[in-house]
1. Quick one: in segment 164-182, which of the residues that are surrounded by fewer than 24 Cβ atoms within 10 Å (Cβ to Cβ) and touching a residue at least 60 places away in the same chain (Cβ under 8 Å) is farthest from Phe26 (Cα to Cα)?
2. Condition check: at pLDDT 95 or above and of a type in the set (D, E, K, R). Does Glu72 satisfy that?
3. Quick one: which helices (runs of 4 or more DSSP H) lie wholly within segment 221-328 and hold at least 3 residues that are over 20 Å from the mean Cα position of the chain (by Cα) and crowded, with 18+ Cβ neighbours inside 10 Å?
4. Quick check, is Val154 part of a helix (DSSP H, G or I), among the hydrophobic types (A, V, I, L, M, F, W, C) and at pLDDT 95 or above?
5. Got a sec? Which of Val125, Val199, Val194, Val143 is in contact (Cβ under 8 Å) with a residue 40 or more places away in the chain and in a strand (DSSP E or B)?
6. Counting only residues that are of a type outside the set (A, V, I, L, M, F, W, C) and out of contact with any helix residue (DSSP H, G or I) (no Cβ under 9 Å at 6 or more places or on another chain), which one in segment 131-161 is nearest to Val31 (Cα to Cα)?
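The values are calculated or read from the model by the stated rules, or taken from the named source; none is laboratory data. On a predicted model such as this, the values are computed, not experimentally measured, just so you know. Ideal geometry is used to build each Cβ from the backbone, glycine not excepted, and the neighbour counts take in all protein chains shown.
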Amino acid sequence: MRRHPVHSADAGSTRMSSGITQARAFAPASVGNIGVGFDLLGHSIEGPRDVATVRRIDAPDVRIRAIRGEVEGVDGIPLEAARNTAGQALIALRDALALPFGLELELDKGIPLGSGLGGSAASCVAALVAANALLDAPLSREVLYGYSLDGEAVASGSRHGDNVAPMLLGGVVLATATRMVALEAPDWLHAVVVHPDQVLETRRARAVLADPYPLSQVVAHGACLALFLTGLQRGDATMIGEGLKDLLVEPRRAPLIPGFARVKQAALDHGALGSSISGAGPSTFAWFASKAAAEAAAPAMRAGFAEAGFAARSYVSPVRGPRAEVLT
């Protein structure tokens, strides 16, 4: 079991019970990759969310009592803790802190799995934030990040933080193997995220990326990433748009998403700064320079999936979306 360093104002103390025996927390949906930043960039969005209820139990283990909500279309979301993203995250937390009690979890899924909205990540982040509220000395979000990567690896087969990091911090975040970096984003930036009635499992979406890329393509993509990050820092819409292009992943994943080309074109026709696949897909996102522009584009983007035979839901959100929090 991977161990993570403990950093808090009371790092040397034993983390026992805070006296609270149950806590509930939510984690928002997210746009992983943001097109140009594969496995590195993500941002949270308003709208769909997962809610986790975690309680102390006397048995020295982690148990999942129930999973409810958006679970249709995905076979066998496991109740076995070690095979579930939220369960594994809690196991990693409990083992590392040597907690003298067990944890029982209930999940209410508001984010469909296999949607490209960070459904598996939201489950483990919500569970960790709830469990953290049960500790006498709660851990920092930076420490929780390591345990969230343990959980996310169950779903994707690798430790990448482009979904869990923005859920923990809110807004736009750069996520590496060891740290989360919150990035500045102007408040006028808004996203439209359209989720079609399709399921695309993360492992399948990652399998199409196995073949190597030519160096020239990697260099061109790196230039886009540099422009995008600089544009964000400067609040420069033109530069953001020049950089918001996925030259590596999108061309290989787009054929897995019926209707994607129509949806992206609809966004661009309505003045989007850029548009690409949200996470592993099939959801599609676009960034706009105002809320009004985003709201005007959303129906046309939904229509793009409808033309391909798929009903779709759309969400309009500030790019500086919310972070996971305990619910009172």
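1. In this case the residue turns out to be Thr176.
2. So Glu72 fails the test.
3. Passing ranges, in order: 237-243, 260-269, 291-307.
4. Answer is no for this residue.
5. From the options Val125, Val199, Val194, Val143, the qualifying one is Val194.
6. If we take residues in segment 131-161 being of a type outside the set (A, V, I, L, M, F, W, C) and out of contact with any helix residue (DSSP H, G or I) (no Cβ under 9 Å at 6 or more places or on another chain), then Ser140 is nearest to Val31 (Cα to Cα).
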